[in-house]
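K.L.:
Shown below is the structure under consideration.
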Amino acid sequence: MAQQNFRTCPTTGLKVHLPAEGLIKANAVVAVVAILIGGIAALAVLLTRVPAVHILPADWFYRLLTAHALDMLVVWIIFFEVAGLYFGGAVLLNSRLAAPKVAWFAFLLMVVGAVIVNAIVLMGGADVTFTSYPPLKAHPAYYLGIILFAVGTLTAVGLFFGTLAIAKKEKTYDGSLPMVTFGLMSAAIIAVLTLAHGAAIYIPTFLWSIGVLPSIDPSMYRIIWWGFGHPSQQINVCAMVSVWYLLATLTTGAKPLNEKLCRTAFLLYVLFINVASEHHLLVDPVLSTAHKIVNTSYVMHLAVLASMIHAFAVPAMTEVALRNKGYTKGLFEWLKKAPWGEPGFSAMMLSLFIFGFVGGITGVTFGTEQISIIRHNTWAITGHFHGTVVGGTTLAFMGLTYYVVPLIFRREIISKKAAQIQPYLFGIGVFIMANAMMFAGSYGIPRRHWDITFAGAAFPYSFDPTAMLFMTLAGLGGLLAITGGAIYVLNTVGSVFFGKKIS
Amino acid sequence: MAEQGQGGLLQSFYENMYLLLVVGVLLPTVIYTVWGLAEMMSLPQLDVDKYMQALKPAPSAQVEAQSAPAPEAAPAQPEQAKP
Amino acid sequence: MSISVPEKGWYSKPLDKEEKVWVAIAVAWCLLTFFLMPVWHVVGKQNPSSESYKVDPVKFNELAAAFAEKYKVGEENGIPVVRPPAGSDVFVVAGSYQWRPILELEKGKEYRIHLSSTDFQHGFSVVSPKFVMNYMALPGYDYVLKVTPTEAGTYSIICNEFCGMGHHIMIGKLIVK
């Protein structure tokens, strides 16, 4: 009876649960729609921040900045991750997905939440930016939309755990979880922590916005909100690293050299990476030095250790796989002969490089008390997280898309050429932009700021002309990245609707 | 669980998602959130009146205060040290 | 393969030599960077303050106004210029897109800057071509920064935490003589 609900993938031999496949498709499609909207907002925001262009008026700048952050950090990434969870849970384990009807309900909640939030932001009801620090107050619909989205996400995460339980009970696999599923499970655990904090802060804030609660303590909000805001990005780290392992296997046939080592790294993420929420609170009142050091150091930098393990393990397994293919000359023949024309491979390597060297290192250094004094809330922070979540997570997800389309949507990519150059365009663009943001930030250029020339302010201030140069450079890098993003969206949407069917 | 034996409790962290879920949620909640909120709630109140008296002395003390404003602000410091 | 079940016995597979070397380097590096954090807090001369208090925003505003009135030496654009005694407690308040008052501090003297806000959360960002310094000003909390200015000059204080539609014109001044 259950067998009729499955098809066997001709490429991987995996049994694909058809209801799960439908859900993966739906979530992936919404993700791409979100990156399209977020990308348009990105263009407008970017062109406003380049001082020589400065296209938007102030209110629309802050509005589109809010929408950009929400659509990219939340809607695009989380829909893609939910698709990933259903894939890693059901498909990789040859299992059925737990309660597909509930999964559709979760999908609906998330879509409704995302639409409400976008609508209220664009209508000017939530000029509070992504963090919505009280006493800045948004329209109640804004908080409600986020709560609906979060409930939907939590439901999807619950179904992922349910699917793992079903797969184990029905013995659809024999042994331990595959690495990719294990990594996604780490992401799902962090998602539970994240969403618990999200509920703990957004529900009272919603009640405050409708007048039930008299006030929200600003410091309490910051502590709990960042217990949501930062771990939500650690979900992305775990999901991204899982995608690195997945792409390394799909593009070169690599297998993890030491399963225990890689899994230990994921364990370290689950246990220690989330306390880094403190990075945002280093120059806040209230918290003690001990609290700041223990938390920002991920308890003795144990999460840094995890990243260093992955940064070794993924290239190492790729090297071994390529050497096994005969590229054994000298130290680097394997690297030269690697499939750089495969978008999945180039996206993985670029993502690894940008996440590590641009996003990761700056995250750890900015996350020290003293450096935070000179970097907090400057554009350098924006540069840091564009290195992690755009150059890292988003690029890895883009690379994976070139496999999701043929394997799940069963359509050929319409332009292989465009797919080939896209990761480079996007990766190099983000690399330039993130670094330029960090240099500009080192001159004190603030983040989330409409006009750094301070026209009409009570006192004049002019930033160093070099900082302006870096802002322009960030604009150029950003345009390159947006071009890469546009090619990604066009190619993906085109392939899903018009690509040649694969039977 | 499939991999039996060798690792004991430590291995169950790799095999038992419920165990990992509980520890993974509790650990950061305690180290970061609970500790942080406890510090927030135990924060002392600023002694506004003391500073105010130094700046705007009561009418009777006014003459004295005006004659020596600087030394008056100084002694307020050590008492304000963090408890 | 990352997408299939690992081989039996994966849990007891020992690390290769290269893996051992890398993990050893990584552990050493992490411990070094961790221990540098508390060490630097003691040895270094610039640390974020950890002294803060709860305070009623209205009362803090009154305190800051009384302080400004007492030590006022001038006015610029309606904002008092204040010269407090060297080494004293000084009060800076953010609100209505202004930083009040304009402080005139003496080089080489330590001041206790009490920082708070009357309305929204603000980012106290002292900028100059030479250096940048950022702290948060939260309504309801007094953040005490112990600051010793080391170089004379006029510094600008901008806001780097979004606080509404006047965020980008919020700018104040700090003078060191």
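K.L.:
Which residues' amide hydrogens lie under 5 Å from the amide hydrogen of A:I452, considering only partners 5 or more residues apart or on another chain, with H built in the peptide plane?
P.N.:
For A:I452, no residues qualify.
K.L.:
If you don't mind, there's one more thing I want to ask. Could you check the spin-label model distance between C:W40 and C:S12? Points 7 Å from the Cα along Cα→Cβ, value in nm.
P.N.:
Distance between label points: 4.4 nm.
K.L.:
Amide H neighbours of C:L105 under 5 Å, counting only residues 5+ apart in sequence or on other chains, H built in-plane at 1.01 Å?
P.N.:
Here the answer is C:I175, C:V176, C:K177, since their amide H atoms fall under 5 Å of that of C:L105.
K.L.:
Additional query: For region A:97-193, calculate the relative contact order in percent as a whole number, restricting contacts to Cα pairs under 8 Å that are 6 or more residues apart. Kindly include the intermediate steps, with their values, before the conclusion.
P.N.:
Numbers: 80 pairs, mean separation 34.6, N = 97.
Relative CO of region A:97-193 lands at 36 percent.
K.L.:
If you don't mind, there's one more thing I want to ask. Report, as a whole number in µm² per second, the diffusion coefficient that Stokes-Einstein gives for region A:404-468 at 10 °C and 1.306 mPa s using the Kirkwood radius over alpha carbon pairs.
P.N.:
So the translational diffusion coefficient is about 102 µm²/s.
K.L.:
FRET efficiency for C:L32 and A:A165, Cβ-Cβ distance as r, R0 = 45 Å, nearest 0.05?
P.N.:
Working: r = 42 Å, r/R0 = 0.93.
FRET efficiency, C:L32 to A:A165: 0.60.
K.L.:
Starting from the 7 Å offset along Cα-to-Cβ, what nm value, one decimal, do you get for the label separation of A:T328 and B:Y18?
P.N.:
For A:T328 paired with B:Y18, the spin-label model returns 4.9 nm.
K.L.:
Follow-up. Counting only Cα atoms, I'd like the Rg/Rh figure for region B:1-57, Kirkwood definition for Rh.
P.N.:
Working: Rg = 24.1 Å, Rh = 15.6 Å.
Reported Rg/Rh, Kirkwood definition of Rh: 1.54.
K.L.:
Of the candidates C:A64, C:A137, C:A86, which one comes out as most mobile in a Gaussian network treatment of chain C with C-alpha springs shorter than 10 Å?
P.N.:
Of the options given, C:A86 has the highest mean-square fluctuation.
K.L.:
May I pose another question? Straight-line reach only, C-alpha to C-alpha below 23 angstrom: list the lysines that A:K417 could link to, leaving out same-chain residues fewer than 8 apart.
P.N.:
A:K417 reaches A:K336, A:K337, A:K500, A:K501.
K.L.:
Can you sort A:D464, A:D174 by how many other beta carbons sit within 10 Å, fewest first?
P.N.:
Details: A:D464 17, A:D174 8.
So the ranking, lowest neighbour count to highest, is A:D174, A:D464.
K.L.:
Let me ask something else. By per-residue mean of other Cβ atoms within 10 Å, what is the highest-first order of A:134-147, C:66-79? Each step should come with its number before you reach the end.
P.N.:
Working: A:134-147: 21.0, C:66-79: 15.6.
Top to bottom by mean Cβ count within 10 Å: A:134-147, C:66-79.
K.L.:
Under 8 Å for C-alpha pairs, at least 6 residues apart: give me the relative contact order for chain A, rounded to a whole percent.
P.N.:
Working: 830 pairs, mean separation 71.9, N = 503.
Across chain A, relative contact order equals 14 percent.
K.L.:
Report, in deg cm²/dmol and to the nearest 500, the calculated mean residue ellipticity at 222 nm for chain A, where each DSSP H run with n ≥ 4 adds -39500 (n - 2.57) and the sum is divided by the residue count.
P.N.:
Values: 18 runs with 328 residues, N = 503.
Estimated from H runs of four or more residues: -22000 deg cm²/dmol.
K.L.:
May I pose another question? Per residue of region B:33-48, in order, report the coupling 6.51 cos²θ - 1.76 cosθ + 1.60 (Karplus, θ = phi - 60°) as ³J(HN,Hα) in whole Hz, putting x for Gly and Pro.
P.N.:
Working through the residues one at a time gives 6, 5, 4, x, 5, 5, 5, 4, 6, 9, 5, x, 7, 5, 7, 4 Hz.
K.L.:
Something else about it: What average count of beta carbons from other chains do you get within 10 Å of the Cβ of residues in A:448-456?
P.N.:
Values: counts 7, 9, 5, 3, 3, 1, 6, 2, 3.
Mean partner shielding for this stretch: 4.
K.L.:
Reachable lysines from C:K17, Cα under 23 Å, same-chain residues fewer than 8 places away excluded?
P.N.:
Counting by Cα, and skipping residues close in sequence, C:K17 has these lysines nearby: A:K255, A:K260, A:K325, A:K329, C:K8.
K.L.:
For region A:47-120, rounded, prolate or oblate, judged on the Cα gyration tensor with a ≥ b ≥ c (square roots of eigenvalues), a/c < 1.5 rounded, else prolate if a/b > b/c? Can you show the working numbers first?
P.N.:
Details: a/c = 7.52, a/b = 2.47, b/c = 3.04.
It comes out oblate by the Cα gyration axes.
K.L.:
Of all alpha-carbon pairs in region A:1-175, indicate the percentage at a distance above 24 angstrom. Could the numbers behind the result be given before it?
P.N.:
On the way: 6908 of 15225 pairs.
Of all Cα-Cα distances in region A:1-175, 45 percent exceed 24 Å.
K.L.:
Could you give the alpha-carbon Rg of region A:339-448 over 2.2 N^0.38 Å, rounded to two decimals? Please report the intermediate quantities before stating the final value.
P.N.:
Numbers: Rg = 16.1 Å, N = 110, 2.2 N^0.38 = 13.1 Å.
Normalised by 2.2 N^0.38 Å, the Cα Rg of region A:339-448 equals 1.23.
K.L.:
Rank the residues A:M185, A:M308, A:M398 as a footprinting-exposure proxy: fewest other Cβ atoms within 10 Å of their Cβ go first. List each step's numbers first, then the result.
P.N.:
Details: A:M185 24, A:M308 21, A:M398 29.
Placing the least packed residue first, the sequence is A:M308, A:M185, A:M398.
K.L.:
On a 0 to 90° scale, report how tilted helix A:77-86 is relative to the longest principal axis of chain A, with both axes built from alpha carbons and the result rounded to the nearest 10.
P.N.:
Taking the Cα atoms of chain A, the angle to A:77-86 is about 20 degrees.
K.L.:
Dimensions of chain C along principal axes (Cα, Å, largest first)?
P.N.:
Principal-axis extents of the Cα atoms in chain C, largest first: 78, 36, 31 Å.
K.L.:
Rank by packing, highest mean first: peptides A:314-326, A:230-242, A:18-30, with packing defined as the count of other Cβ atoms within 10 Å averaged across residues. If you can, show how the numbers build up before the last one.
P.N.:
Details: A:314-326: 18.2, A:230-242: 26.5, A:18-30: 20.8.
The densest-packed peptide leads the list: A:230-242, A:18-30, A:314-326.
K.L.:
Suppose the Debye formula is applied to equal point scatterers at every Cα of the protein assembly as shown; what is log10 I(q)/I(0) at q = 0.08 Å⁻¹?
P.N.:
The Cα Debye sum returns log10 ratios of -0.66.
K.L.:
Can you pull the mean other chain C-beta count within 10 Å for peptide A:437-443?
P.N.:
Numbers: counts 0, 0, 0, 0, 2, 1, 4.
Per residue, the number of nearby Cβ atoms from other chains is 1 on average.
K.L.:
Which of these, C:P101, C:P139, C:P48, has the largest mean-square fluctuation under a Gaussian network model of chain C (Cα springs below 10 Å)?
P.N.:
With Cα springs under 10 Å in chain C, the top fluctuation among C:P101, C:P139, C:P48 is at C:P48.
K.L.:
Could you check the spin-label model distance between A:T8 and A:F497? Points 7 Å from the Cα along Cα→Cβ, value in nm.
P.N.:
Roughly 3.5 nm, to one decimal.
K.L.:
Right, next: Within 10 Å of each Cβ in C:112-119, how many Cβ atoms from other chains are there, averaged over the peptide? Before the final figure, lay out the partial values.
P.N.:
On the way: counts 4, 0, 3, 1, 2, 2, 0, 2.
That works out to 2 on average.
K.L.:
Order these by the 10 Å Cβ neighbour count, fewest first: A:R411, A:R375, A:R7. Display every interim value, and only then the final one.
P.N.:
Working: A:R411 18, A:R375 26, A:R7 13.
So the ranking, lowest neighbour count to highest, is A:R7, A:R411, A:R375.
K.L.:
Right, here's the next one. For region A:175-284, what Kirkwood radius comes out of the mean inverse Cα-Cα distance, in Å? Let's see the in-between values first.
P.N.:
Working: mean 1/r = 0.0640 Å⁻¹.
Radius from the Kirkwood sum: 15.6 Å.
K.L.:
Could you sort B:38-48, B:17-27, C:153-163 so that the peptide with the highest average Cβ count within 10 Å comes first and the rest follow in order? Present the calculation step by step, with values, prior to reporting the outcome.
P.N.:
Values: B:38-48: 14.6, B:17-27: 16.8, C:153-163: 23.9.
Result, highest mean Cβ count within 10 Å first: C:153-163, B:17-27, B:38-48.
Every number here is computed from the coordinates shown, using simple stated rules; none is lab data. Please read all numbers here as calculations on a predicted model, not as lab measurements. Cβ: placed from backbone, ideal geometry, glycine included. Neighbour counts: every protein chain shown.
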